[in-house]
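Below: the structure, in structure tokens.
The values are calculated or read from the model by the stated rules, or taken from the named source; none is laboratory data. Just so it is clear, the model here is predicted, and its values are computed rather than measured. Positions of Cβ are backbone-derived with ideal geometry, glycine not excepted, and every protein chain shown enters the neighbour counts. Accessible surface is based on the protein model in full, side chains and every heavy atom, while ligands, DNA and RNA are left aside. Shrake-Rupley method; radii C 1.70, N 1.55, O 1.52, S 1.80 Å.
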Amino acid sequence: MSTSANDHLPPSRRMRLAVLGSTGSIGVNTLDVAARHPDRFEVVALAAATQVDKMLAQCARFKPRVAVLASEPHARELARRVAQENLPTRVESGPNAIETVASAPDVDAVMAAIVGAAGLAPCLAAAHAGKRLLLANKEALVVGGDVFLRAVRAGGATLLPIDSEHSAIFQSLPEDPATWPARVEKIILTASGGPFRTRDPATLREVTPDQACAHPNWVMGRKISVDSATMMNKALEVIEARYLFGMPPDKLEVVIHPQSVVHSMVQYRDTSVVAQLGTPDMRVPIAYGLAWPDRLASGAAPLDFRALGVLTFESLDAAGHAERFPGLRLAWEVLAAPPGTCAVLNAANEMAVAAFLGKSIRFDQIDRVNRETLARVLSDRPDDLPALLALDARARAVAGQIAGQLAR
């Protein structure tokens, strides 16, 4: 993970922060951490999709220089209300404006928390501009892969993972990445198992969107909550770990850990294991990414070992898990396929989850949409952003057709 000049700010100057996806759960938690340290962080830009009320409240509190909504009609409404309240924030709209914010000279660090493939272009813009890039958008790596990593290297950006699992791995690895291949035996990602870890697989066809979004440990958006319920989220995290840490896929393992206290682990060549533990609160990895290599108060409750109770772990081979979480195995399959196949899986899954949340397909049909899309859309090995977006669009079109056929 390369470093840039942004990691050596004068101690007298606050880090200037842009939060992409500011109205989502990661964005809200990022702003909470930043607000606890006004001497260290200045929020200069916010970006989101359509939520006018939440964005207006954030503009009133943090007074950023610019706020962007992807939707032009919603941006017009925000601009009217910002002017009405006499706030010092310029309002812009559209994807290009979000990319401009991500690469702006007056931004030191970018929290990339826009959900889905829509976050890839601003992540690339921030990478090319050499920003401290706090990556909560896993699709930047799942879809972008080597294209994204080349941009990070070319721009001299600092790439820091914000997913709790990848942050845990980063904290558990040796400081010098050059030593990882010789010292590390494998990376072990933990998964909670979501709301259906013990549910009879035969009843999954009856699952409703509200049930799938009721995660037992984490408060998240609806799309990522459904991904957690199918464990497709963990499949995407395996792919992300492959690119973030350069480990071969056969050195990546997943175990189910229902308590979500051990966030992930690294096993070394001598068989010792280093793990990162903490309460299930996204402010912990966010604070680490904001302050790295320092640490600062996150606002999360400390882990109380006296009240912790039992920590348990389950193999993916345990009874019923293969039927409950069929999509997890796709991670290793697409990593073994031609470059770009990961992008096809991501696009298919986004379409399938949207169809499920829209109640046009069943929960147990999400995996079918993903697998049939992978069978129909062959990767053409994209090597730049336009090629990635074209492949993404092609996969979405096919997945949409498959979901439509299942809905009839």
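Residue 186 satisfies every condition listed in (1) part of a loop (DSSP other than H, G, I, E, B); (2) farther than 20 Å from residue 320 by Cβ; (3) in contact (Cβ under 8 Å) with a residue 60 or more places away in the chain; (4) charged (D, E, K, R) except (1).
The residues on offer are 262, 255, 226, and the sole one that is over 12 Å from the mean Cα position of the chain (by Cα) and surrounded by 20 or more Cβ atoms within 10 Å (Cβ to Cβ) is 226.
Could we say that residue 226 is among the aliphatic types (A, V, I, L, M), farther than 28 Å from residue 360 by Cα and touching a helix residue (DSSP H, G or I) at 6+ places or on another chain (Cβ under 6 Å) here? It is false that residue 226 is among the aliphatic types (A, V, I, L, M), farther than 28 Å from residue 360 by Cα and touching a helix residue (DSSP H, G or I) at 6+ places or on another chain (Cβ under 6 Å). With respect to the conditions (1) small (Gly, Ala, Ser); (2) modelled with pLDDT of 95 or more; (3) not in a loop (DSSP other than H, G, I, E, B), residue 130 falls short on a single one, namely (3). Considering 400, 358, the condition of being farther than 21 Å from residue 201 by Cβ, without any contact (Cβ under 8 Å) to a residue 24 or more places away in the chain and not hydroxyl-bearing (Ser, Thr, Tyr) is satisfied by 358 alone. Condition check for residue 36 on (1) touching a helix residue (DSSP H, G or I) at 6+ places or on another chain (Cβ under 6 Å); (2) in contact (Cβ under 8 Å) with a residue 40 or more places away in the chain; (3) not β-branched (Val, Ile, Thr): one failure, at (1). Taken over segment 285-321, the residue count meeting the criterion of being crowded, with 18+ Cβ neighbours inside 10 Å and not hydrophobic (A, V, I, L, M, F, W, C) is 5. For segment 319-339, name all the residues that are in a helix (DSSP H, G or I), among the hydrophobic types (A, V, I, L, M, F, W, C) and touching a strand residue (DSSP E or B) at 6+ places or on another chain (Cβ under 9 Å). Selection gives 328, 331, 332, 335.
Among the residues of segment 166-177, is any under 27 Å from residue 347 (Cα atoms), within 13 Å of the chain's Cα centre (by Cα) and open to solvent by 10 Å² or more (accessible area, probe 1.4 Å)? So far as segment 166-177 goes, no, none of its residues is under 27 Å from residue 347 (Cα atoms), within 13 Å of the chain's Cα centre (by Cα) and open to solvent by 10 Å² or more (accessible area, probe 1.4 Å).
For residue 362, the requirement of being in contact with a helix residue (DSSP H, G or I) (Cβ under 8 Å, 6 or more places away or on another chain) and open to solvent by 40 Å² or more (accessible area, probe 1.4 Å) is met.
Residues that are under 23 Å from residue 189 (Cα atoms), in contact (Cβ under 8 Å) with a residue 12 or more places away in the chain and touching a strand residue (DSSP E or B) at 6+ places or on another chain (Cβ under 7 Å) occur in segment 297-308; there is at least one.
Within segment 127-157, the set of residues being surrounded by fewer than 23 Cβ atoms within 10 Å (Cβ to Cβ) and touching a Ser or Thr at 6+ places or on another chain (Cβ under 9 Å) comprises 128, 129, 130, 153, 155, 156. The set of residues from segment 368-393 being surrounded by 19 or more Cβ atoms within 10 Å (Cβ to Cβ) and assigned to a helix (DSSP H, G or I) comprises 369, 370, 372, 373, 374, 388, 391, 392. Condition check for residue 220 on (1) assigned to a helix (DSSP H, G or I); (2) hydrophobic (A, V, I, L, M, F, W, C); (3) within 21 Å of the chain's Cα centre (by Cα); (4) modelled with pLDDT under 95: one failure, at (1).
Scan segment 83-102 and tell me whether some residue there is outside any loop (DSSP other than H, G, I, E, B), modelled with pLDDT under 95 and open to solvent by less than 20 Å² (accessible area, probe 1.4 Å). Checking segment 83-102: not a single residue is outside any loop (DSSP other than H, G, I, E, B), modelled with pLDDT under 95 and open to solvent by less than 20 Å² (accessible area, probe 1.4 Å). Contact annotation: no residue pair with Cβ atoms under 7 Å, 6 or more positions apart or on different chains, pairs a residue in segment 118-142 that is within 22 Å of residue 235 (Cα to Cα) and free of Cβ contacts under 8 Å to residues at least 12 places away in the same chain with a partner that is open to solvent by 10 Å² or more (accessible area, probe 1.4 Å) and not in a helix (DSSP H, G or I). Taken over segment 1-53, the criterion of being among the aliphatic types (A, V, I, L, M), closer than 17 Å to residue 295 by Cβ and modelled with pLDDT of 95 or more is satisfied by 15, 33, 34.
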